[in-house]
Structures are given as C-alpha cells and as structure tokens.
Amino acid sequence: MTTTPLHILLDTPLPGIRRITLNRPEKRNALNNRLRTEIFAALEAHDRDDQVKVTIIRAAGPAFCAGYDLAANNRVEQPYHTAGGHGQWSRHVVDGWFRVWDLAKPVIAQVHGYCLAGGTELATSCDLVYVAEDAQIGYPPVRLMSPPDMQFHPWLMGMRQAMESMLTGDSLSGVEAVAKGWANRAFAAAELDAEVLKIAERVAKIPSDIQQINKRSVHRAMEIMGLRAAVRSGTEIQALAFHTDSSKAYMSRFRRDGESVSKLLSERDASFGDYRERKK
C-alpha cells in the first residue's frame, strides 16, 4: 500500500503466513471505505509477494465485524469504480468480494464475536472460515432494510436454513454455523488464534502455483452451478427492497452519526431480543 494503514494491522506470525487484523475496535470493525480499501490493497499486495503463501483476516476487539459502517458516507472514496445507477452499492461490494474470491492465494477468515451483515460477506469471500464457538453470525438488516448485498445463504447453507435466516434475521453461533455449512470448524475462543495458525501452516506447505489451481477447481464447479450469476442477480433484488414502503420509512430516519444509527438498530432488534438488545 502507498500510505500507512489507518484501520488494519499487518504481521507475519510464521514464514509464508501474512495476517491482516481489522483495527477499528471502537466501531466493532464496521466496514467504511477506508477499511475496505486497506483490506483489498493488502490482499492484492500479498498476491504479488512470493514470500506470502496464505493470508489470515482476523479482528481486534470484541467483534470480527459489525457490518458496513452505516454512519459513514459510503458513496465517496470507494476503493474501485463500479458503474452508477440503482443498486450501485450492492453491485460495488459484490465486485469487491469476488476480487477476494478470485485471488490466486488462499485467504482464511478467523471469526470471533459478532460477525454481522457486511462482515459475513467479507468472511464468505474467503476460502476457509474458522470461528469461535461462541461467535454470533447473522444478517439482521433483512428485518427492516433489505436482503443481503451478497446473497450467499442458499449456496453455503441450503434452501431451508437460507430461508430461516432470511425470514428472521436471527444469528447462528459458531458451532451452528459449522453445522449449517457456513464455516469449516469452530474452536474455543481462547484457542482460535493458535488453531487457525496450525491450519494456515498446512495450507502454506503447498506451492502457490498449485494452490491457485486448487482454488479454481472448487470455484469453477460452484460457478458452473450458477453461484456467480445468482449472487450478481441478487444485487438487483437487494436494490428493489429499498423501494418498498417499509424500507424507505426506516432508511429515511438514518443520519450519519453514531447516536442515530445505534438508536435505529436497537429499535429494529428490540422485539427480537438479540444483537445489541441481548443484554438488555
């Protein structure tokens, strides 16, 4: 990257293994455009670096990622161009997640705490996903805003669980996410760092020129079944949701300040008694 990262930390815990740590803990690592730009720049640099065999994406603080930063103006300073018009944002972020999907080198998501909305999309774009047993993975915006930007649920979890997740917005624990097919394995939170490094070490043993073909062999099979086309077509469904009366009424009350966003998210989840309303 050309500038010093503001929202990520980079380290090399073992030879061949580069680690990106999301570092906006005060915002639960919510994805603003600066953070997204830094993630993509680091991943692309790792893909060009012969010393890097595999990248781990993890996070500082109590949550992996609370989703997109709704208090930020995400229309400005986007990390790459996506054509405008209705649905620009959902098409834009899906473009980004397929950039991760299409990297030559493996990327591992290490998930703890809350992993919500856009955070689930970030993790889903990675090749392997390992979670803390008590992690909470969900897409609550389906309750009052829209279906996901990246509609991965049917592909990873099957029709019935996808429908339950879409119709309730309820979260899955790390253990449940493994059972449903969203994640590879779950570990006790205290063991997650060490266990993910063990797996990354095994991945790093295989030469990168072989690994990129290994990755594509799985991706091509999914694409032949229609995954890429389905996820892209889902962006138009997501854009359509913002024209419903309920979504327009809800979104009209958002202001770009933390107090307004927090109040509206609490209001959304109060009757369900989960996410930020769980302790209350």
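Computed values, structure above
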{"quantity": "For A189, net neighbour charge (Lys/Arg +1, Asp/Glu -1) across residues whose Cβ lies under 15 Å away", "calculated": "-3"}
{"quantity": "For V111, residues with placed amide H under 5 Å, excluding near neighbours", "calculated": "Y130, V131, A132"}
{"quantity": "Candidate lysines - alpha carbon under 19 Å from K215, same-chain residues fewer than 8 apart omitted", "calculated": "K53, K105, K205"}
{"quantity": "Prolate/oblate/rounded call for the stretch 29-74, Cα gyration tensor, a/c under 1.5 rounded", "calculated": "oblate"}
{"quantity": "Karplus-derived 3J(HN,Hα), 6.51/-1.76/1.60, for each residue of the stretch 88-103, Hz, glycine and proline x", "calculated": "4, 5, 5, 5, 5, 5, 5, 3, x, 5, 6, 4, 5, 3, 8, 4"}
{"quantity": "Cβ-based exposure ranking for I39, I224, in which fewest neighbours within 10 Å come first", "calculated": "I224, I39"}
{"quantity": "Spin-label pair D134/S217, simplified geometry with 7 Å Cα→Cβ offset, distance in nm", "calculated": "4.0"}
{"quantity": "Rg/Rh for the stretch 78-222, where both radii come from Cα atoms and Rh is the Kirkwood radius", "calculated": "0.98"}
{"quantity": "Reachable lysines from K27, criterion Cα separation under 19 angstrom, eight or more residues apart if same chain", "calculated": "K263, K279"}
{"quantity": "Calculated FRET value between A249 and E77, using beta carbons and R₀ = 35 Å, to 0.05", "calculated": "0.75"}
{"quantity": "At R0 = 22 Å, FRET efficiency that the Cβ-Cβ distance of D209 and A230 yields, to 0.05", "calculated": "0.15"}
{"quantity": "Global size of the stretch 189-266 as Cα Rg and Dmax, reported in angstrom", "calculated": "21.3, 53"}
{"quantity": "For the chain: span of alpha carbons on each principal axis (Å, largest first)", "calculated": "53, 41, 41"}
{"quantity": "3J(HN,Hα) from dihedral phi, the stretch 129-144, Karplus parametrisation 6.51/-1.76/1.60, rounded to Hz, x for glycine, proline", "calculated": "9, 10, 10, 6, 4, 9, 4, 10, 10, x, 10, x, x, 5, 6, 9"}
{"quantity": "Gaussian network model of the chain, Cα within-10 Å springs - most flexible of C126, C65, C115", "calculated": "C126"}
{"quantity": "Environment charge of C65, counting only residues whose C-beta is closer than 15 Å and scoring Lys/Arg +1, Asp/Glu -1", "calculated": "+2"}
{"quantity": "Net charge contributed by nearby residues that have their C-beta within less than 14 Å of I8 (K/R +1, D/E -1)", "calculated": "+4"}
{"quantity": "Choice from T37, T21, T12 with maximal GNM fluctuation in the chain (Cα, 10 Å cutoff)", "calculated": "T12"}
{"quantity": "Span from the the stretch 188-210 Cα centroid across to the the stretch 61-135 one, whole angstrom", "calculated": "21"}
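A short reminder: the numbers here are calculations on the coordinates, not readings from a lab. Everything quoted here is computed from the prediction, not taken from an experiment. A quick note on method: Cβ atoms are made from the backbone with ideal geometry, for glycine too, and the neighbour counts reach across all protein chains shown.
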